[in-house]
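Note sheet for the following structure.
Values quoted throughout were computed directly from the atomic coordinates according to the rules given, and no laboratory measurement underlies them. Predicted model only: the values in this text are computed from it and were never measured. Don't worry about glycine lacking a Cβ; one is built from the backbone with ideal geometry, like all the others, and counts go over all protein chains shown.
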Amino acid sequence: MRNTNTGAVLEAMILPALARGGYDCAMQVLVGERCGGGVHKVDAVATKDGAVVLVSLKWQQSKGTAEQKVPFEVMCLADAVRAQHAARAYLVLGGDGWTLRDYFTSGRLGDHLVHAGLVRVVTLEAFVRLANNAQL
């Protein structure tokens with residue numbers, strides 16, 4: 001049986017960091033449509049000093065399909081930024097089951113996806129540090 005509670009756990013891990021950094025936060029926010037259709041809901045929208053930041057969370061604790069979803073999520077987040085739903089976006093990778101984590105966080109998706117530069121892919125630890133220090 002698959003554990004589907006990991007998303008809620010990951011959300012609970014970022015909320016204190018966002019609060020400490022002075023961000024107002026809303027969870028599970030609709031930000032338009034995904035590439036190709038369908039609703040696009042992000043895990044969090046953080047706001048500070050009028051700047052809006054979209055946050056999508058992906059958890060991979062063992063080998064699985066989350067890695068295959070990363071490029072599409074980057075595309076959808078970039079579209080949301082381009083549609084002016086936010087100033088920037090983060091895709092946060094949590095868990096230790098990622099085999100491509102270093103590749104995704106290196107920024108090299110930009111070699112393949114034209115608007116990937118609008119989305120920063122980071123580890124959970126890096127996101128917590130950035131949020132704690134109000135540097136999103």
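Tabulated data for the structure shown
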quantity	calculated
Residue in the range 82-90 that is surrounded by fewer than 14 Cβ atoms within 10 Å (Cβ to Cβ) and of a type in the set (Lys, Arg) present	yes
Options 95, 110; residue that is surrounded by fewer than 20 Cβ atoms within 10 Å (Cβ to Cβ), in contact with a Phe, Trp or Tyr (Cβ under 9 Å, 6 or more places away or on another chain) and not hydrophobic (A, V, I, L, M, F, W, C)	95
Sole exception among (1) part of a helix (DSSP H, G or I); (2) without any contact (Cβ under 8 Å) to a residue 24 or more places away in the chain; (3) more than 16 Å from residue 14 (Cβ to Cβ); (4) out of contact with any Gly (no Cβ under 7 Å at 6 or more places or on another chain) for residue 76, by number	(2)
